[in-house]
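Where a number appears in this text, it was derived from the coordinates with a stated rule and is not lab data. All of these numbers come straight from a predicted model, not from anything done at the bench. Cβ coordinates were reconstructed from backbone atoms using ideal geometry, including for glycine residues, and neighbour counts include every protein chain displayed.
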Amino acid sequence: MSTGGDVLDKTPERHLREPWDELRLPEGRAFSYQRAGATFGIWVFIASEVLFFGALFLLYTAMRLEHAADFAVAARETNIVYGTLNTALLLTSGLFAATASQASEQEGCRRLTLGCLTATVLLGLAFMVVKGLEYREDIERHLVPGADFALKAPATQLFFGFYWLSTAIHAIHLSIGIGLVVRLIWKEWRAPGFLFENPQVEVAMLYWGFVDMIWIVLYPMLYLGGRGG
Amino acid sequence: MSGASSDASTLANPRELDLGLPVSYLGDGYSVASWLFTTDHKRIAILYALSITFFFFIGGAAATLVRLELFTPQGDVVGADTYNKLFSLHGIVMVWFFLIPSIPTTMGNFLLPLMIGARDLAFPKLNLISWYLNMAGGLLTLAAVLAGGIDTGWTFYVPYSTVFSNTFVTLAVLGVFVSGFSTIATGVNFIATVHFLRAPGMTWFRLPLFVWSMYTTSLIFVLATPVLALTLVLVIAERTFNLPIFDPARGGDPILFQHLFWFYSHPAVYIMILPAMGVISEVITCYARRRIFGYSFMVYALVAIAVIGFFTWGHHMFTSGMSPFAALVFSFLSFIVAVPSAIKVFNWTATLYRGQIGFESPMLYALGFLGLFTMGGLTGLFLASVPIDVHVQDTYFVVAHFHYIMVGASVSAYFAGLHFWWPKVTGRMYPEGWARFAALLMFFGFNLTFFPQFIAGYLGMPRRYYTYPPEFQVWNVLSSSGAAVLAAAYLMPLGYLTWSLFYGARALNDPWNASGLEWRTTSPPPRQNFFGNPQVLAPPYDYHPEATPPGDESRIAEEGALT
């Protein structure tokens, strides 16, 4: 990683931001130190996010323990085809995200990095489209909690309250992720070489991976309940 | 000379003008934009100081009206609804827009990089964004107040806040939610800074205890705040989109809200007290001219309080109908958290032992902290035991207890730190006589306000009512009179500290002859914090080094000393 100065002799220190530019370390070390700091920062933020979603999962656990039968009834009403398709889309996007993160650190991998980032965004957008189709179907089938809710069992509304809330929160997170990746692509397009060894790629991809992982937990909670056996 | 580089060229005396010193951070631009778009941690600390002072006096004004109403048993100043809105405003503003950000975002922002020999926090832009988020949250909450107020109390308990209250709950809750991002960002920033930007030689067990307190507070910021964020999202979702979540009529569980809320809000108490403990450790060592007693145990105690604090939330819910076994466990854990707190109090006391104690104003505030914190902590043990808690649940006993911790202890420590580091922050000395008088008045006013509430509460006066039976009037008159004294004591620093900005004497680099790295630069420091690269050669609190006999050290630095 300390080769950054040789490869990019145009403006070698351009990735060093304050206060990392004043550590009085050799440039290569300062750069890797800044990178470690940025990655560490996003890991701490992800720890925070884990507690955010942890509270959400606790809510689900408590409600499902109290209303096990109703939750099984309600979970059978979600569209497992859309849900499974979305899981596949998001997991594949995670593969491209991880590849982009690795590729950005290799010399001569600019096209690969850009291609993987683009694929990540497209798969993320595809997830949103499928989610939109699913939402439309849910609304048509009166699965929005309220006066004309389709199911009779009392706590099924509780399940769908959780369904709408958790998928909406996840979609907001995914939109932020899409925005971050689009920004990276835009920056690279404007200034070629921007992504090379830039810690922002790994930071954005770690966040993307986290949002993936949340979906992996949400998927069985929302789609597989009541469908076993 | 702990913490100072042996290289004399890295030190400077502001009186010697020909040293070619860089301008101080205060002189580094005078436009409004140079403040509002700064990434300098010191300027951001000043921005925070201005905003929390603003919120402190708003919350204080609401408390003044509450105490005015309670002067007589009848409701003659405000009606029931207004009273509910006043104490809700007081609680929400004081907790989220004064106490939680108070020490971390002002002194923490300013001092954390200085104390570890860094140029800035790890993510300076994120730091600025935190301030804007904090302001946005505060203004949203104030907008709710201007729109007509909120009457749920600061706890937003459901189903009242979701189903019944017709006030502007969503707006206020949204404000608190937004400010949560600000605290999380600050926490991430502080943790990364301590991990990555310590100066050479500044090992983990050479960190000043203030830095440790910021680190442990940040852990709580990062791990507790998101739970509150989600809880508030649930309240907003239930109110705005009519989703069934906590509504018992539709199968929801309102007790679940209490669990989620207190999972944040009990650790939040430690967000308010851990930074105070950090300040006190700095002040007491300096004015007793003593090394801190049991440094490593002070560190372990901070960590233990932060960790155990996550597992005691149930003691807020003993009367919610929880399982007696759960109550037993939460009660036990609440007693356990008293152990590290007691370690800290004993160690501060032991630090004073055989010290050359000076009674300058920061020390007066710090000694006040010791007494008030002990009082608040001991009454906390009353409340941790289930039978007494059931007896005094929702009475003024609880109000008095948490005010002893959150106002008595935390705010005393805030003022101790404010006076202690005022010369470093502003480059000016404040009038010491006025400061001592304010410190004593604050201690007296505080006790007069809140001690009678212990008695009223123990006799059965419930909280959150605008009227009360006449037999409690004597305690309430005492309390309201104390509040008037306290208000005067809080206004005094606003006056004399502002005065000192313009007319105070120029401060030395190290006016207290203190040992920390933050005193090894000019007062006020330059944008880059230090000249050259600071190196740390000794543990913190190096007062009375082993070789020198006690009694030879001057308390006040000599004029123009190169510290």
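Using the crude model of +1 on Lys and Arg Cβ and -1 on Asp and Glu Cβ, and no other charge, please compute the dipole size for chain B relative to its Cα centre, in debye to 20.
340 debye
Excluding A:I185 itself, what net charge comes from residues whose Cβ is under 14 Å from its Cβ, given Lys and Arg +1 and Asp and Glu -1?
Here the charged neighbours net out to +4.
Okay, helix-only estimate at 222 nm for chain A: each DSSP H run of n ≥ 4 adds -39500 (n - 2.57), divide by all residues, round to 500 deg cm²/dmol; what do you get?
After summing the helix terms and dividing by the residues of chain A, the value is -25000 deg cm²/dmol.
Would you mind ranking A:V129, B:V345, B:V173 so that the residue whose beta carbon has the fewest other beta carbons within 10 Å leads the list?
Exposure proxy ranking, most exposed first: A:V129, B:V345, B:V173.
Among residues other than B:G149 whose Cβ falls under 13 Å from its Cβ, what is the net charge (Lys/Arg +1, Asp/Glu -1)?
Details: positive: B:K85; negative: B:D81, B:D151.
Summing Lys and Arg as +1 and Asp and Glu as -1 gives -1.
Please report how far the C-alpha centroid of the stretch A:155-229 lies from that of the stretch A:75-97, rounded to the nearest whole angstrom.
Measuring centre to centre over Cα atoms gives 12 Å.
With contacts defined as alpha carbon pairs under 8 Å and 6 or more residues apart, what's the relative contact order of the stretch A:31-224 in percent?
Dividing the mean separation by the residue count of the stretch A:31-224 yields 35 percent.
Which whole-number percent gives the relative contact order of the stretch B:188-323, counting Cα pairs below 8 Å spaced six or more residues apart?
Over the stretch B:188-323, the number comes to 32 percent.
Show me the helices of chain B, taken as full DSSP H stretches, that run 27 Å or more along their long axis by Cα and average 0.5 or above in Kyte-Doolittle hydropathy. Kindly include the intermediate steps, with their values, before the conclusion.
Values: long enough: B:41-69 (42 Å, 1.16); B:124-147 (35 Å, 1.14); B:169-196 (41 Å, 1.65); B:209-241 (46 Å, 1.68); B:254-288 (50 Å, 1.17); B:361-384 (34 Å, 1.47); B:432-458 (39 Å, 0.89); B:473-503 (45 Å, 0.97).
Correct list, ordered by number: B:41-69, B:124-147, B:169-196, B:209-241, B:254-288, B:361-384, B:432-458, B:473-503.
Restricting attention to the stretch B:467-511, which chymotrypsin sites (Phe, Trp or Tyr not before Pro) occupy a DSSP loop and are surrounded by at most 13 other Cβ atoms within 10 Å?
Filter output for the stretch B:467-511: empty list.
Loop only by DSSP, 13 or fewer other Cβ within 10 Å of the Cβ. Give me the chymotrypsin sites (Phe, Trp or Tyr not before Pro) in the stretch B:132-235 that pass, ordered by residue number.
none
So for chain B, averaging the separation of alpha carbon pairs under 8 Å that are six or more residues apart and normalising by length, what relative contact order in percent results? Before the final figure, lay out each step's value.
Values: 955 pairs, mean separation 126.4, N = 563.
Here the relative contact order equals 22 percent.
What whole-number distance in Å separates the alpha-carbon centres of the stretch B:489-512 and the stretch B:285-343?
36 Å
Inverting the mean 1/r over all pairs of different Cα atoms, compute the Kirkwood radius of the stretch A:31-224 and quote it in Å.
So the Kirkwood estimate lands at 18.0 Å.
What is the sum of charges, Lys and Arg at +1 and Asp and Glu at -1, for the other residues whose Cβ falls under 15 Å from the Cβ of B:W434?
Net of charged neighbours comes to 0.
Among A:Q200, A:V73, A:I172, pick out the residue whose Cα is farthest towards the positive end of the charge dipole of the stretch A:31-224, where Lys and Arg carry +1 and Asp and Glu carry -1 on C-beta, about the Cα centre.
My answer, from the dipole projection, is A:Q200.
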